[in-house]
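J.: Questions regarding the structure given below will be posed in turn.
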Amino acid sequence: MLPLWAALPAAAVAGILMDMAYPDVGWWPAAFVATGVLLIAAIGRSVMGSLAVGLVFGLVFFSLLVSWTSRYLGPLPWAALTIVEGVLTAVWVIPLTFAYRWLPQLIRSDRARLILLPVVVASLWTGREVMLGAWPYGGFPWARLGMTQSEAPAASLASWVGVSGLSFAMVFAVAVFIEWVRTRAWRFPARYVAPLLTVGVLILTPAFPTTPAGTMRLGAVQGNGPSGYFDERAPGAIASAQSRASTALRGADLDLVVWPEGLDADPFQEDYLASNLTQISTQLGAPVLANAATSSGNKLFNTSFLWDPTISPAPTREQVQTHAKRNPVPFGEYVPDRGFYTMLAPDLVGLIQREYSPGTDSPVISVAGITVGLAICFDVIYDNVIAESITSGAEVLVFQTNNADFRGTDENLQQLAFARMRAIETGRAVVNVSTVGTSQVIRPDGSTQASLNAGEAGVLVEQVELRTGATPGIIVGTSVSIGAAWGGLAVLMIAGWITHRRTRLRHKMSPA
């Protein structure tokens, strides 16, 4: 549809528009426009042409979206992540081009093509998101299309089909519109049904209803302490900042106090931290959900724990409820293949001394009979962690995070948008607590109940709604994403095989 000289700048524009769909700008319609521009740029390309289009799109998009990775460690991590994600995206544009090349040869009916081709295209797009979310080193499912819709009318669809299902529906809607134009279906009024129905489903589908189960009075503390990896601080400075801010909760009659991700040391080994947590919990008359790097045997974990001095003034790790982060961040919380990367960038790798192990315990705790689901920092973007907390009975979700290493960037707001989408997808209230902001209490419909600005110390005291029941998005969400990914590839391979056989037969039958 476009010559290569026009397709390449179009792909760059698509990358810019796609970034605009995510916070800070957060203009959700840009995701649909960007998807359409990229698909149009890929149609009719050769393998190398589609690879070039995908590479331009991927490099432009990811260089903008994850620019916050350069905040402290400089341009090398940003460039590395951009190149890896950009190249993988480029490779996955090739199957999109093949779909537009092969399927129209097999689907002779314009009416069937109006539906079947977009289904395959949407499946391939979803497959790309699934692959990037799983590989390499556990993946990076940060740039999923469905996550752009946290404040859009289409967001409620995630409660039915999950975030990956929402990505599928968005690409399907765009691809239907493209085929509607390409096949001139607008000349036939009956063919308006498919695109209009798709748009209607995206906009009008109400969120799946979960069941109200009471409330929980919760206090969230944003200490705004020196919690960045390279922040200069005295011993105990983070805990001191959290403690000072927590004094505003006295007399609030709370069920639970939530601190964000990260303390100065392991409170199960440092008496001054254990004493500090016990004092705060006793003064406020409620257990404190805190987080720190803790050791177990010879392994280090990023651990959330429920500190309750009624168990013991200084409980041991075995006496409290814990959850260790499932997906430590590669090159942030551990260095995979450290020896290899040390050879490439010894000074940079040498800065990262942490070596967290992935946790295996359940992402839930129980507080006075209420099951609270947990996700630590970037674990909010991993479907399996969220799904396990809901299937384990979570009535409310608490996300603890530390955004101090990305002060003044878009990372904080992007992560908050993902938290909002999780509220909608699960039908649960979400309490997102950050060291430096932005902290929020989010209702099950995704609306903001209360908020603290970034860069300010403060507390939130809220009566948080509890809900039970699993949404279809949680029950079938993983199956939808995997089925769409492999289904799209399977159909494409079959289409390619049939096309190849037909081409060989035509060559055999043609006169010499």
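J.: Starting at 0 and stepping by 10 Å, how many percent of the alpha carbon pairs of the stretch 346-426 end up in each bin?
T.: That works out to 16, 41, 30, 11, 2, in percent per bin.
J.: Mind grabbing the base-10 log of I(q)/I(0) for the stretch 205-270 at q = 0.16, 0.20 Å⁻¹? Debye formula, identical points on the C-alpha positions, no solvent, two decimal places.
T.: -0.67, -0.85
J.: Could I ask something else about it? For the ranges 438-448, 292-302, what's the packing order if you count other beta-carbon atoms within 10 Å of each residue, average per peptide, and put the highest first?
T.: 438-448, 292-302
J.: To the nearest 500 deg cm²/dmol, what mean residue ellipticity at 222 nm is calculated for the chain from DSSP H runs of n ≥ 4 alone, each contributing -39,500 (n - 2.57), summed and divided by the residues?
T.: Mean residue ellipticity at 222 nm (helix-derived): -15500 deg cm²/dmol.
J.: Just by accessible area at a 1.4 angstrom probe, what is the order of GLU232, GLU318, GLU85 from largest to smallest?
T.: GLU232, GLU318, GLU85
J.: How far, in nm, would the chain grow between THR215 and GLN279 when pulled straight, counting 0.36 nm per residue and subtracting the alpha carbon separation?
T.: Length difference between fully extended and current span is 20.4 nm.
J.: Using only the alpha-carbon atoms of the stretch 55-155, report the extent along each of the three principal axes, biggest first, to the nearest angstrom.
T.: Principal extents (largest minus smallest coordinate, Cα): 55, 31, 23 Å.
J.: Further, regarding this structure: Which value in Å does the Kirkwood hydrodynamic radius of the stretch 384-460 take, with 1/r averaged over all unlike C-alpha pairs and then inverted?
T.: 12.6
J.: Antiparallel DSSP bridges in the chain: what percent, to the nearest 5?
T.: Close to 65 percent.
J.: Could you compute the FRET efficiency for ASP271 and VAL84, with r as their C-beta to C-beta distance and R0 at 41 Å, rounded to 0.05?
T.: 0.40
J.: Do me a favour and compute the ellipsoid semi-axes for the stretch 113-247 from its Cα gyration tensor, root of five times each eigenvalue, largest one first, whole Å.
T.: 45, 21, 12
J.: Now for a separate question. Helix 110-132: angle to the longest alpha-carbon principal axis of the chain, degrees 0 to 90, nearest 10?
T.: Result, in degrees: 40.
J.: If you don't mind, there's one more thing I want to ask. Sorting check: for 122-128, 351-357, which peptide has the highest mean count of neighbouring beta carbons within 10 Å, and how do the rest follow?
T.: Per-residue Cβ counts within 10 Å, averaged per peptide and sorted highest first, yield 122-128, 351-357.
J.: Short version: what are the Cα gyration tensor semi-axes of the stretch 294-445, square root of 5 times each eigenvalue, largest first, in whole Å?
T.: The answer is 27, 21, 14 Å, longest axis first.
J.: Still on this structure, please answer the following. Roughly how compact is the stretch 469-512, stated as its Cα Rg over 2.2 N^0.38 Å to two decimals?
T.: 2.07
J.: Let me have the relative contact order for the chain, percent, based on Cα pairs under 8 Å that are six or more residues apart.
T.: 17
J.: How big is D for the stretch 380-512, in µm² s⁻¹ as a whole number, if Stokes-Einstein is applied with the Kirkwood radius of its Cα pairs at 37 °C and 0.692 mPa s?
T.: It comes out at roughly 185 µm²/s.
J.: Which value, in Å² and to the nearest 10, is the accessible area of TRP160 when all protein chains are kept and the probe is 1.4 Å?
T.: Surface accessible to solvent at TRP160 totals approximately 90 Å².
J.: With a 1.4 Å probe and every protein chain left in place, tell me how much accessible area TYR272 has, in Å² to the nearest 10.
T.: 100
J.: So what's the gap between the Cα centers of the stretch 435-512 and the stretch 268-304, to the nearest angstrom?
T.: 35
J.: On C-alpha positions alone, give me the angle between the axis of helix 75-106 and the longest principal axis of the chain, in degrees, nearest 10.
T.: In the chain, helix 75-106 runs at an angle near 40 degrees to the longest axis.
J.: Per the Kirkwood definition applied to all pairs of different Cα atoms, how many angstroms is the hydrodynamic radius of the stretch 10-97?
T.: About 13.0 Å for the stretch 10-97.
J.: Moving on. For the stretch 201-327, state the average projected area of the convex hull of the C-alpha atoms over all orientations, rounded to one decimal in nm².
T.: Directional mean of the projected Cα hull area for the stretch 201-327 stands at 11.3 nm².
J.: Tell me, what does the Kirkwood hydrodynamic radius of the chain come to in angstroms if you use every pair of distinct C-alpha atoms?
T.: Computed over the chain, the radius equals 24.2 Å.
J.: How many angstrom lie between the Cα centre of the stretch 353-376 and the Cα centre of the stretch 211-263?
T.: 17
J.: Give, to the nearest whole percent, the P(r) tail of the stretch 272-317 beyond 16 angstrom, counting all Cα pairs.
T.: In whole percent, the long-distance tail amounts to 36.
J.: Can you give me the % of accessible surface on the chain that is carbon or sulfur? Probe 1.4 Å, all protein chains present, nothing else counted.
T.: 63
J.: If you don't mind, there's one more thing I want to ask. Quick one: angle between helix 158-182 and the longest Cα principal axis of the chain, in degrees between 0 and 90, rounded to 10, please.
T.: Computed tilt is about 30 degrees.
J.: Also, I was wondering about something else. Determine, for each peptide in 423-432, 379-388, the mean count of other beta carbons within 10 angstrom over its residues, then list the peptides with the highest first.
T.: Averaged packing, sorted descending, gives the order 423-432, 379-388.
The values are calculated or read from the model by the stated rules, or taken from the named source; none is laboratory data. In this text, all values refer to a predicted model and were calculated from it rather than measured experimentally. In this analysis, Cβ positions are derived from the backbone assuming ideal geometry, glycine residues included, and neighbour counts consider all displayed protein chains. Surface areas here come from the heavy atoms of the whole protein model, side chains and all, with no ligands, DNA or RNA. Shrake-Rupley method; radii C 1.70, N 1.55, O 1.52, S 1.80 Å.
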